[in-house]
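Here's the structure we're looking at; comments come further down.
Nothing in this text is a laboratory measurement; each read-out follows from the coordinates by a stated rule. It should be emphasised that the depicted structure is a prediction, and the values quoted were computed from it without experimental measurement. Ideal geometry is used to build each Cβ from the backbone, glycine not excepted, and the neighbour counts take in all protein chains shown.
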Amino acid sequence: MHSRRDGQLPRAIVTRTHPGCSAMTDTTGTLRNRREAVVREHMESENRHEFDATIATFARPRYEIIPTGEIFDGEAAVRGHFAASRAAFPDQRNELRALHHADDAVIVEFDLLGTHLGPLRGVPPTGKAFRCPMTAFLVFESNRIICQRAYFDSATILREARERTGPKMHRLLRRC
C-alpha cells in the first residue's frame, strides 16, 4: 500500500480490534474515532512536511526512538528532530499498514521510506533508498498525543546498510 503524492493516507486501511475485546459504547467509539483522525492527520502532515500541523496533534510533543535510545522532548527538540531527519532524508514518508486501538493509545504499523540525500551524524549521503517496517505507539491524553514511541528492527537497517554502504555507516548503525 502506498502513500499518495498529496500526502494523504489511503482510506482503505481497516482498523483492527483484538479478539476478546468487548463491544465499545458510543462514548468509547467517539473517542476512538477522534483519536484515529488525530493519528491520520499526524502521519499525513509528516508526509506533507507540514510540521506545524504535526505539532498541533500533540498535547506535549515527544518522540521516543526506542532502538537508538533517542528522546526528543518538547516542541524545540521535536522540531530539531524533524529538521535533522529531513535534511538527511528529504523525501522521508510513511506508508500506513494498520491501526490498532488500546485504552490510552493507537498502535500504528507502517513502513518508513526515504532516500539518504543529506549528511546523517557525520555520514555523507549515500543516495540509497530505504524501507523500514515500524510500529509506533501514539499515546494519548484525551484526544491529543502525548508521546510517539517508535520501534523498529535495527538489524534490518544494518543488513540493508551493509548491502548499500561503507564502513562508516556500519559503525553508526552498530550504536543502535
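Per-structure values
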quantity	calculated
Gain upon complete extension [Ala155, Arg86; 0.36 nm per residue less C-alpha separation]	22.6 nm
Distance in nm between pseudo-label sites at Glu36 and Arg60 (7 Å out along the Cβ direction from Cα)	2.8
